[in-house]
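> Okay, handing you the structure first.
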Amino acid sequence: MDVLDNQSTRRNRIFVLTNLKNKKALIDLGIYERDIDIEIKVIGDDFDDVSELKVRLTDSYSGSKDISYISRCIIKSLI
């Protein structure tokens with residue numbers, strides 16, 4: 001039952017995140033779900049397209065120390 005509850009909660013959280021355009025773009029790039037709010041604080045949420053998002057992520061790579069290893073690898077691959 002706990003597994004079902006956790007999956008349901010995670011799906012609801014992803015649904016809410018994907019309704020926000022900028023957060024959805026980060027999810028689509030592969031940024032780990034719990035790192036999205038951290039990255040939004042670092043890069044801002046006023047980017048217009050994915051190209052600008054990638055530039056901001058690569059420019060702020062050194063400022064993203066509090067994110068997970070997976071997200072850092074994804075951002076590093078954009079460089």
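> Would you say S77 is open to solvent by less than 80 Å² (accessible area, probe 1.4 Å) and over 13 Å from K23 (Cβ atoms)? So that I can check it myself, show each step before the final result.
Numbers: open to solvent by less than 80 Å² (accessible area, probe 1.4 Å): no; over 13 Å from K23 (Cβ atoms): yes.
Criteria not met by S77.
> OK, next. Can you say whether K54 is more than 8 Å from the chain's Cα centre (by Cα) and exposed (fewer than 13 other Cβ atoms within 10 Å of the Cβ), as far as the supplied structure shows?
Details: more than 8 Å from the chain's Cα centre (by Cα): yes; exposed (fewer than 13 other Cβ atoms within 10 Å of the Cβ): no.
No.
> Here's another thing I want to ask about it. Please identify the pairs in which a residue from the stretch 28-50 that is basic (K, R) has its Cβ atom under 7 Å from the Cβ atom of a residue that is surrounded by 17 or more Cβ atoms within 10 Å (Cβ to Cβ), counting only partners at least 6 apart or on another chain.
Here the result reads none, with nothing in the stretch 28-50 linked to a residue that is surrounded by 17 or more Cβ atoms within 10 Å (Cβ to Cβ).
> A further question follows. Kindly indicate whether I40 is assigned to a helix (DSSP H, G or I), more than 15 Å from K24 (Cα to Cα), open to solvent by 20 Å² or more (accessible area, probe 1.4 Å) and among the β-branched types (V, I, T).
no
The values are calculated or read from the model by the stated rules, or taken from the named source; none is laboratory data. Since this is a predicted model, take the numbers as computed values, not measurements. When we count neighbours, we look across all protein chains shown, and the Cβ atoms used for this are built from the backbone with ideal geometry, even at glycine. Calculation scope for accessible area: heavy atoms of the full protein, side chains included, ligands and nucleic acids excluded. Shrake-Rupley method; radii C 1.70, N 1.55, O 1.52, S 1.80 Å.
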